[in-house]
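Colleague: If you scroll down you'll find the structure; I have some questions about it.
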Amino acid sequence: RKHQLVGLKRLRFEPCAMGTQASCHYCHTSVIPDDLLPDPEHWDGFLFLVSHPEWFTFPDFTSAFNSLLPASRRRLMVYVPTALCVVEQAEVDREEFYWSMATRRQLALGFDEVAVLDLADSTVEEAEVLLGQHRLDCVYIEGGNTFALRHYARRFDHVFRRDLSTRKYGFVGVSAGAILCGSTVQPALWKGQAGDDPRPACIPDTDWDSFSASKAWDVCRGACFFMHFHEGWRSTVDEQTSQGGWAKSCIAISDFSALVYRGSELPVWYHFGCVDNGDLELSADATCGMSLSREFGLGAKPVA
């Protein structure tokens, strides 16, 4: 069960019968236009930022993901479960819990191998070795407690900022993982008691209102992110964004939206908006799922 280089288990992928074009009663499949499909010979990495922890179970989301990463680039995925450290697992140990999460995502997304990188229990040297693998095609940072993730990721900031700024590989940021890509983690404070606990027992007490403590990786052109947005949060987000400072370029991402950065292009929205019949439909819209972007200059490509 030990990876010979960094002490991490790697699993082989066996193709499953369900493909990304399968439909379900929650959503229908959507066709991504040819001009959004990547050129495997000139693949330059991407950022795929989502709120929904089970996004990979929706064919619309996986269709959007598949448009970014060709099948030939589904070799090794590194799964970072660190934000889940606050989750109590009574029946299984933490290592097994992390591996069950990693394996499920590996199988759903069709990667040949997966490795787990827990930032709370790994050295920078181990991370450098794993992230330097020539077979690495995607890093997947799981959601959970934003502040625990920010704390444990701090030692690795220079590694991820370097790799993300050069789009060395594909990157999936889920909820807390997406917030970490922004300029600050302070939007995770805006929900108060309804949001993440800023003082989980697993990390030292931290003043998250301070500039230095809350500063995130800032690899998205100065934007910061408010996750799990819905209309009930609009007044909160509008109030915070009107105050300027960190929030002047805040983007709110709903559970049915994905924000994609690829190379030097403007970000593209994939929004799976609720319609009257209860299904989900795909659209690319620079305003879907976010409160405002007054100083951000978002652009979008047409989906149809």
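Colleague: Nothing charged except the Cβ atoms of Lys and Arg (+1) and of Asp and Glu (-1): what's the magnitude of the dipole of region 104-174 about its Cα centre? Round to the nearest 20 debye. All intermediate terms of the calculation are to be shown ahead of the outcome.
Modeller: Numbers: 10 positive and 11 negative charges, 70 e Å.
My answer is approximately 340 debye.
Colleague: Sorted by accessible area (1.4 Å probe), largest first, how do LYS215, LYS191, LYS168 line up? Numbers along the way, then the final one.
Modeller: Numbers: LYS215 65, LYS191 40, LYS168 100 Å².
Reading off the accessible areas and sorting them downward yields LYS168, LYS215, LYS191.
Colleague: Still on this structure, please answer the following. Probe radius 1.4 Å, ligands and nucleic acids left out: which of ARG150, ARG94 has the largest accessible area, and how do the rest follow? Show your work: numbers first, answer last.
Modeller: On the way: ARG150 0, ARG94 85 Å².
Largest to smallest exposure gives the sequence ARG94, ARG150.
Colleague: Still on this structure, I have one more. Taking R0 as 45 Å, what's the FRET efficiency between ASP197 and SER72 from their Cβ-Cβ distance, rounded to 0.05? Numbers along the way, then the final one.
Modeller: On the way: r = 42 Å, r/R0 = 0.93.
Efficiency for this residue pair is about 0.60.
Colleague: Could you provide, to the nearest whole Å², the per residue accessible area of region 51-178 with probe 1.4 Å?
Modeller: Working: 4180 Å² over 128 residues.
Normalised by residue count, the accessible surface of region 51-178 is 33 Å².
Colleague: Nothing charged except the Cβ atoms of Lys and Arg (+1) and of Asp and Glu (-1): what's the magnitude of the dipole of region 152-194 about its Cα centre? Round to the nearest 20 debye. Mind dumping the intermediate values first?
Modeller: Details: 7 positive and 2 negative charges, 23 e Å.
It comes to approximately 100 debye.
Colleague: How much of GLU128 can a 1.4 Å solvent probe reach, expressed as accessible area in Å² and rounded to 10?
Modeller: GLU128 has an accessible surface of roughly 70 Å² with all protein chains in place.
Colleague: Also, I was wondering about something else. When a/c is below 1.5 the answer is rounded, else prolate if a/b is larger than b/c, else oblate, so apply that to region 126-241 with a ≥ b ≥ c taken from the square roots of the Cα gyration tensor eigenvalues.
Modeller: Numbers: a/c = 2.04, a/b = 1.58, b/c = 1.29.
Since a/c reaches 1.5 and a/b is larger than b/c, the shape of region 126-241 is classed as prolate.
Colleague: Still on this structure, please answer the following. How much of the accessible area of region 65-202, probe 1.4 Å, is carbon plus sulfur, in whole percent? Write down the numbers at each step before the final one.
Modeller: Values: 2440 of 4890 Å².
Carbon with sulfur: 50 percent of the solvent-accessible area.
The values are calculated or read from the model by the stated rules, or taken from the named source; none is laboratory data. The structure displayed is predicted, hence computed values, not measured ones. We place every Cβ from the backbone using ideal geometry, glycine too, and count neighbours over all the protein chains shown. Surface accessibility is based on the protein's heavy atoms, side chains included, excluding ligands, DNA and RNA. Shrake-Rupley method; radii C 1.70, N 1.55, O 1.52, S 1.80 Å.
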